[in-house]
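What follows draws every value from the coordinates through simple rules; no lab data is involved. Because the structure is predicted, anything quoted here is derived from the model rather than measured. Note that each Cβ is placed from the backbone with ideal geometry, even for glycine, and that neighbours are counted across all protein chains shown.
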Amino acid sequence: MQRQTIHRSFRHLLQLRYGIIGDSPEIQKAVEALEMVSPTDLTVLITGETGTGKEVFANAIHGLSNRKKYPLISVNCAAIPETLLEAELFGSEKGAYTSSVELRKGFFETADKGTIFLDEIGEMPIGTQVKLLRVLESGEFSRLGSSDIRKVDVRVIAATNRSLEDEVAMGNFRQDLFFRLNSVQIKLPPLRSHLQDIPLLVDYFGEKITEKLKVRFEGISSDAITVLKSLPWQGNIRELKNLIDTIVTIEKGAFITPEMLLKYIPPALPEYKSREIPNSSSIVSLQSKEEFEADSALIFRTLLDIKNDIADIKRFLGKIANDLDALYGEVGEIGATVNHYNSKASASQAFDDEIQSLDEIEKIMIIKALKRFDNNRRQAAFALGISERTLYRKINEYGLEQSDTL
């Protein structure tokens, strides 16, 4: 019993030393695995969602290992361009690539006898995975642009927020490298699965930030803790830390109440009430209430604009129809007069007069159309059933002046 008490005290101090906060079974299971693997040289794979503390655990593993006197080099594989990652890890000779103007040691050489932490290992390209596997198996590598074999003694800790099993199945990650990395796996739980640790985390983060600010942290109410436990924490412990840092800094360490929380939660941490169905499993993409209301308002305004445009088009077409009816009536009257005149002429003379009268009719129709539409040539051409270009040519052909059409 006394030994268990001493061990719990030691573990508590260990957790405080490295910032691993939590008494929940999920956290204690991860800490237990950390204690077992740290003194060894085994490769460790740390898995968990973004913000669960993978780098914190990597620091603790190195700090509790026999390599703690040597460097711990952290590399975010997702933050380095694919074309440069190999050179960053294994180094490069002068002239190995365009911007390589001098010999450069890689992270593995820098971490010799120490530990290298490869975060977001799932982002590493296949070509670089081959070289990493070689280092893990034999400690050998070559700098980019060189065929010389070099050796290092480095412990590798890898971390990922992806399922490497799925990545292997999709061909994005080498199976042999996965097996090599997965000697020991430490799974870090999402914050929503150990909400009972939130009070401890809030106190820890509050005390840490007030030490820097040189003010006193007054604590947090139980009702405010209840509010925090109702949130989804998609960013996990990192998200909680950022929230507490913000509140304590702006409020100068004041006692945190639910009312105070509400001033800072809405912009970044919407209240969690129910589990949403992922878009990937839906037939149609699901939207939040706010997005749906915004889209509905936009659709309504668009339909209203279309309705108004259609009404304007109907009024315009109605005006054109009325004008065409009047124009056709006037044309009919002109045609009757011409027919009466032609009936009195001789056959040969009538033929000549008929040709002349058609030109005259065309001229009269153009004049009347232009008058009807106030010299708007586009509308006149549309009413006459001819192109605007043809109307211009006819106006010039008949020598019509604007005064003739007013």
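A few notes on this one:
- Between Arg378 and Leu262, the modelled label-to-label distance comes to 5.7 nm, taking each label 7 Å out from Cα in the direction of the beta carbon.
- Pairwise label distance in nanometres, Lys29 with Gln185, each label 7 Å out on the Cα-Cβ vector: 1.3
- Taking amide hydrogens as placed 1.01 Å from N in the peptide plane, the amide H of Ile186 sits under 5 Å from those of Leu45, Ile46, Thr47, each at least 5 positions away in sequence or on another chain.
- Here's how it looks for Phe173: its modeled amide H is under 5 Å from those of Val168, which are all 5 or more places away or on a different chain.
- Model label points for Leu400 and Asp41, set 7 angstrom from Cα along the Cα-to-Cβ axis, are 10.2 nm apart.
- Candidate cross-link partners of Lys113 among the lysines, defined by an alpha-carbon separation under 30 Å and a same-chain spacing of 8 or more, comprise Lys29, Lys54, Lys68, Lys69, Lys94, Lys105, Lys131, Lys151, Lys187.
- Cα lying deepest toward the dipole's positive end in region 2-189, options Gly139, Ser65, Gly127, charges on Cβ: Ser65
- Residues Ile306 and Ser142, FRET efficiency given R0 of 60 Å [Cβ-Cβ distance, rounded to 0.05]: 0.35
- Area projected by the alpha carbon convex hull of region 85-175, averaged over all directions, nm²: 6.1
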